[in-house]
Amino acid sequence: MNTKANEDLNNLYLQFIECLDINKTTGMLGKISNNRYADQKLRFSGYPYVGSKYYEAKKKILFVGLDLGIDENREENTFHSFDSRRECIAGSTKGCVPYNYNKHISGTYGMALYILKDLYGWNKQWDSLNKIKDTVFISAINQLKSDLPVDVLDYVSLINIHKFVTECRGCDFRKTKPSCWTENCIVNERNRSGASNRRWYNKKEEIKMIMDEIEILSPDIIYFQGSVSPINKEQLELLNSKFEIWIANHPSAWNVGADKPSYIESNRLEVRPVAVL
């Protein structure tokens, strides 16, 4: 673990929390400069996912999603720490169930396995996954988990462009008590879909945050999942002057087949600047 980078990232997030008046316990956003959303109750989604071997990876991949899509820590009434984020994602982490990935993380695992296979001798494992290339990643990984490397996601990081989520987003409000942390919350997938939190609530500070955290994470590849549209042309050009940028469909996008291994082969992924798939 790169102690200096980790400290810099932690300090950056502490400054962000302070700047936007984010409650240090609940994560509720205090400062909203965009008047269109001034009355919304929003929670800071928390710290990013940084794999335990990311800084020593032979090729550092930073996956960039759009938003969290669900208030994951709603029952605890708080936001993710570095540790809790890692426990949600890294199958090799103590306390985690190996390969217990959702659709998004399953696709991220598959893409990371493909990109890193030559560097870590995972060609055989990728070939096994690719033999059932028309099976969705989440099912394919579950079928082959006894033969797949558990530490693939230790070598990558994952952040979101938009870092706030509507309080209790994803909860089923048909229950008598909608306060999620008072009882087990039933997740309502319909409340998760869409772009309701893909907005700038404090645009200047949020964009600066993204650019600064990418700089600290210093990846070899920035892999945008779904869209790069929130980043303007000048910012994208600045990033592309320092890092290789790939842009592809979200790994759970079933309508374009991005949730299957066949998506990788059909698009003939190659490392190249601004690779738009």
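The values are calculated or read from the model by the stated rules, or taken from the named source; none is laboratory data. Note that the coordinates shown come from a computational prediction; the quantities given were computed from them, not determined experimentally. Cβ sites come from the backbone with ideal geometry, for glycine too, and all protein chains shown count toward neighbours.
So, in region 232-264, how many residues would count as being outside any helix (DSSP H, G or I), surrounded by fewer than 22 Cβ atoms within 10 Å (Cβ to Cβ) and aliphatic (A, V, I, L, M)?
Here the count works out to 2.
Any idea which of (1) out of contact with any strand residue (DSSP E or B) (no Cβ under 8 Å at 6 or more places or on another chain); (2) over 20 Å from I207 (Cα atoms); (3) at pLDDT 95 or above is the one Y54 doesn't satisfy?
(1)
Do any residues in region 14-36 that are on the phi < 0 side of the Ramachandran plot and assigned to a loop (DSSP other than H, G, I, E, B) have Cβ atoms under 9 Å from those of residues that are modelled with pLDDT under 95 and surrounded by fewer than 16 Cβ atoms within 10 Å (Cβ to Cβ), where the two are at least six apart or on different chains, and which pairs are they?
Cβ pairs passing all conditions: I32/A38; I32/D39.
Name the pairs: first residue in region 232-261 and on the phi > 0 side of the Ramachandran plot, second residue among the aromatic types (F, W, Y) and surrounded by 13 or more Cβ atoms within 10 Å (Cβ to Cβ), Cβ to Cβ under 9 Å, at least 6 apart or on different chains?
Sorted first by the residue in region 232-261, then by its partner, the pairs are G257/Y263.
Hey, among the residues in region 131-159 that are touching a Ser or Thr at 6+ places or on another chain (Cβ under 9 Å) and free of Cβ contacts under 8 Å to residues at least 24 places away in the same chain, which one's surrounded by the fewest Cβ atoms within 10 Å (Cβ to Cβ)?
D147
Looking at this structure, is E205 of a type in the set (D, E, K, R), over 28 Å from T166 (Cα atoms), in a helix (DSSP H, G or I) and at pLDDT 90 or above?
Details: of a type in the set (D, E, K, R): yes; over 28 Å from T166 (Cα atoms): no; in a helix (DSSP H, G or I): yes; at pLDDT 90 or above: yes.
No; evaluated as a whole, the condition is false for this residue.
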